[in-house]
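This report refers to the structure that appears directly beneath it.
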């Protein structure tokens, strides 16, 4: 058999290599002499330089990784190909040559900006040792040289950037950078063309103020200390918040968390998830104001369980009500209903308050996601009280989900009567529902075939308002039904990070 | 090729002047003739588009001497399938990114289309697509090749593609040392 692959012209080999994960592209250098530097040439001709492979950062000393990045950038410049995006994710050296490393990073960023890169991503994770040594909570404030230099770049004074350099930047992503509130303000003032801004684990940020005419996408992920958020971005289409300001205190409260969202006429999708979704919340505050009240015009929404909480707290006394006139796709990241539930089993969980205090005249698709790994065991599948009807979750008036055609419940266990109550509640209120999909848990908690049958049988006899609604129960691998537009679950991603 | 039209209409179509035909005829290196939708050919192949626009299409079969009949059949098959395929419904992406992905994932039918090819037929098709300037088909076939390489050790890749290792033992060791991070779990 002839070696057809090695006979292909270089440019085809390059597109094949660019399609491979970085690590596998690099490995091909061991195939034969023909392949020795193909991966480098492929990179040098690519409009995207991406060094965010986890193994690249962690599997070698920082100085060596830095040398490779520098070499690729030089080759790229010699090759003269356009550079659209430059992304690096490296581990900062814990000691010694940190200064040189930092200067390298600054140099690359300056070079990339000078070459006209429209997208820049700098992710400088502190080294493992430091992470372990630093007490939890302020491990990102250890002020190692690398973060300082990242900050130096952000102050824009340390780097001789071309005047028009940042003005053309369209996307910026900073992770674990020690950017301060003031530095961010200056940076944004210089990036007039910025369309996408992502800030991840920037622990020095406390009061974020984003004013940008062109900004379409804003992500604020895991920036723990942020307690104040002001956004003036009339073109904003997509907003993701995984943080602690998802609840803001009412104006009159002493420790008010300020949120000002201004007018966002084209806002399309919003993701709101509280960082301690899987942890605790200070229940002493009874004056939370739900963040979702600031973005009622979203068409697509993901909301975590904590985000539902204030409906209970706020609405207990006065029946305040929120209109979400455009909402078509809603995803609720519900924490364990058992934990959420009151000691009195007849007391409804907060998810019901949400449905009763929100109007969604055009809601078409509803997704409910239970935790994949609940902390405690299952409770009884049958209601502890006589009759498992949900009359107890009536609020004195009926709600109707008049446009709802599709419901999907993910990580459905079928072992808790609360799960069944919620599904039954929804079925009875969706008169034109076409399909209900119950997706079981995968992995270790996956039900056996027998258990699956039990769930199926029980699901088929549920009372429903729409006679034609199809009900299906399936395993995650068998599920080919539509998904919500938001398919990243930060509370799951970050929980893993925290446990590391 | 079948064109979904009424019978009377089909008769009409045959009668219209040759220049207005909605198909073109292509001839493989071994002399076999294939008919392909003109619209799809012009849309999917920069080379065929240039020939159609430049009037260098031979109604008795345009010679494509570099392409064998099996590969040409696949090219034509792909074009016609493409002409008939319903574009997949636009998905709402979770976040808007202007950063164009280097490659759009193959559609289900495209995946099946390349999956059924033998090793040699796949490479023949890559070369044919390259010759005809068919960007999308190149993407799909190259993607298939990279899938065949993904997750494999250099030894396994050499075996799959019959690549001869012309390094000395020392040279190879040097490469693996220098790029050790990429070979950890190899």
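Residues that are closer than 23 Å to residue B:78 by Cβ and in contact (Cβ under 8 Å) with a residue 24 or more places away in the chain: find the helices (runs of 4 or more DSSP H) completely inside the range B:108-184 holding 1 or more of those.
In the range B:108-184, the matching helices (runs of 4 or more DSSP H) lie at B:108-115, B:119-132, B:135-149.
Would you kindly identify the helices (runs of 4 or more DSSP H) lying entirely within the range A:1-84 that contain at least 2 residues that are at the interface with chain B (Cβ under 9 Å from one of its Cβ atoms) and farther than 18 Å from residue A:109 by Cβ?
A:4-7, A:10-18, A:22-27, A:54-58
Looking at the range B:157-185, which of its residues are in contact with a helix residue (DSSP H, G or I) (Cβ under 9 Å, 6 or more places away or on another chain), more than 7 Å from every other protein chain (Cβ to nearest Cβ) and either surrounded by 13 or more Cβ atoms within 10 Å (Cβ to Cβ) or modelled with pLDDT of 95 or more (or both)?
B:160, B:171, B:178
Does the range A:196-215 hold any residues that are surrounded by 22 or more Cβ atoms within 10 Å (Cβ to Cβ), within 13 Å of chain B (Cβ to nearest Cβ) and assigned to a loop (DSSP other than H, G, I, E, B), and which are they?
A:215
Restricting to the range A:167-212, what's the tally of residues that are under 17 Å from the mean Cα position of the chain (by Cα) and modelled with pLDDT of 85 or more?
The qualifying residues number 4.
May I ask you to verify whether residue B:62 is modelled with pLDDT of 90 or more and more than 29 Å from residue A:47 (Cβ to Cβ)?
So residue B:62 does not fit the description; no.
From the list A:83, A:73, which residue is under 28 Å from the mean Cα position of the chain (by Cα) and modelled with pLDDT of 85 or more?
None of the others qualify; the one that does is A:83.
Could you list all residues from the range A:351-378 that are over 23 Å from the mean Cα position of the chain (by Cα) and at pLDDT below 80?
Within the range A:351-378, A:353, A:376, A:377, A:378 meet the criteria.
Test each condition in (1) surrounded by 14 or more Cβ atoms within 10 Å (Cβ to Cβ); (2) within 24 Å of the chain's Cα centre (by Cα) for residue B:151 and report the one that comes out false.
It is condition (1) that residue B:151 fails.
The values are calculated or read from the model by the stated rules, or taken from the named source; none is laboratory data. Nothing here was measured: the structure is a model prediction, and the numbers come from that model. Note that we place each Cβ from the backbone using ideal geometry, even for glycine, and neighbour counts take in every protein chain shown.
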